[in-house]
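The values are calculated or read from the model by the stated rules, or taken from the named source; none is laboratory data. Keep in mind that this is a model prediction, so the values were computed, not measured. Here Cβ is always computed from backbone atoms with ideal geometry, including for glycine, and neighbour counts include all displayed protein chains.
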Amino acid sequence: MIELTTPALHRTIVVTETVNENGAVTYSAKRRTKNDGDLPMGDFVVTPDSRLISNPRVVSIQFGSGSRTDRMDRTNIPNIDPQGIYAVGEVHINPGEWPAPEKGWFLRDLEVSLTPTGEAVPAPDQLRERLGDILRAIVQHWMERDDQPMLSAAWANELRPWRIKQLGEKLAALELEDQLSTDGDASEE
């Protein structure tokens, strides 16, 4: 177990890391409280940018373990609020855009739900700040790992077939659109 202190709100979270063969690192997190000890939060899966067109400065965080592409097939979704509010989906963070640690940091695109697989809605500012602070501590730890370059290479290999397929589908759609456009132009003559 590793203890991390969040930079802005100075909260302690306890994480257990699991390195997957595909280069992803799952941080199973618990929130440390004064009265109740360590309360389970859930899993945060950290990887280099997982989007189709990636940015080498961006880190992706998936909320919950399991399917990378379908959040309904994930388990151990992070409960980020004692009242039972769950972080759902994923976020993409550029650590180079973080302000000074004491200023806090808001997640722009955080969505939450009242159940792990419920309807996703935009998170209120208080939760965006709280989870942003937690993710900043986790991502900072991930970036400082000795094996981080090896993990990034493994993740790139993992995504290569998916990216090739997605780009092929986009190219085929553009070619069809171009063909339809060309056919339409010829019929107007």
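Taking the criterion of being surrounded by fewer than 16 Cβ atoms within 10 Å (Cβ to Cβ), among the aliphatic types (A, V, I, L, M) and without any contact (Cβ under 8 Å) to a residue 60 or more places away in the chain, the only residue of the stretch 121-152 that qualifies is Val121.
When residues in the stretch 80-89 are screened for being at pLDDT below 90 and crowded, with 21+ Cβ neighbours inside 10 Å, 1 of them pass. For the stretch 106-123, indicate whether the set of residues that are in contact with a Lys or Arg (Cβ under 6 Å, 6 or more places away or on another chain) and farther than 19 Å from Gly64 by Cβ is non-empty. Yes, the conditions are met somewhere in the stretch 106-123. Checking Gly118, Gly96, Gly168 one by one, the residue that is at pLDDT 85 or above and either touching a Cys at 6+ places or on another chain (Cβ under 6 Å) or loosely packed, with under 15 Cβ neighbours inside 10 Å (or both) is Gly118 and no other. For the stretch 54-67, the condition of being more than 18 Å from Leu151 (Cα to Cα), modelled with pLDDT of 90 or more and either surrounded by fewer than 20 Cβ atoms within 10 Å (Cβ to Cβ) or of a type in the set (Asp, Glu) (or both) holds for none of the residues. Scanning the stretch 134-165 for residues that are modelled with pLDDT under 90 and either closer than 20 Å to Pro82 by Cα or polar (S, T, N, Q) (or both) yields a total of 3. For the stretch 1-23, a residue qualifies if it is more than 16 Å from Ser152 (Cα to Cα), exposed (fewer than 14 other Cβ atoms within 10 Å of the Cβ) and not polar (S, T, N, Q), and the qualifying residues are Met1, Ile2, Glu3, His10. If you check Asp49, Asp36, Asp70 for being among the acidic types (Asp, Glu), modelled with pLDDT under 90, farther than 17 Å from Leu135 by Cβ and within 14 Å of the chain's Cα centre (by Cα), only one passes: Asp70. The set of residues from the stretch 24-48 being crowded, with 21+ Cβ neighbours inside 10 Å and not in a strand (DSSP E or B) comprises just one member, Ala24. For the stretch 1-16, a residue qualifies if it is in a strand (DSSP E or B) and either over 14 Å from Leu135 (Cα atoms) or in contact (Cβ under 8 Å) with a residue 60 or more places away in the chain (or both), and the qualifying residues are Ile2, Leu4, Thr5, Ile13, Val15, Thr16.
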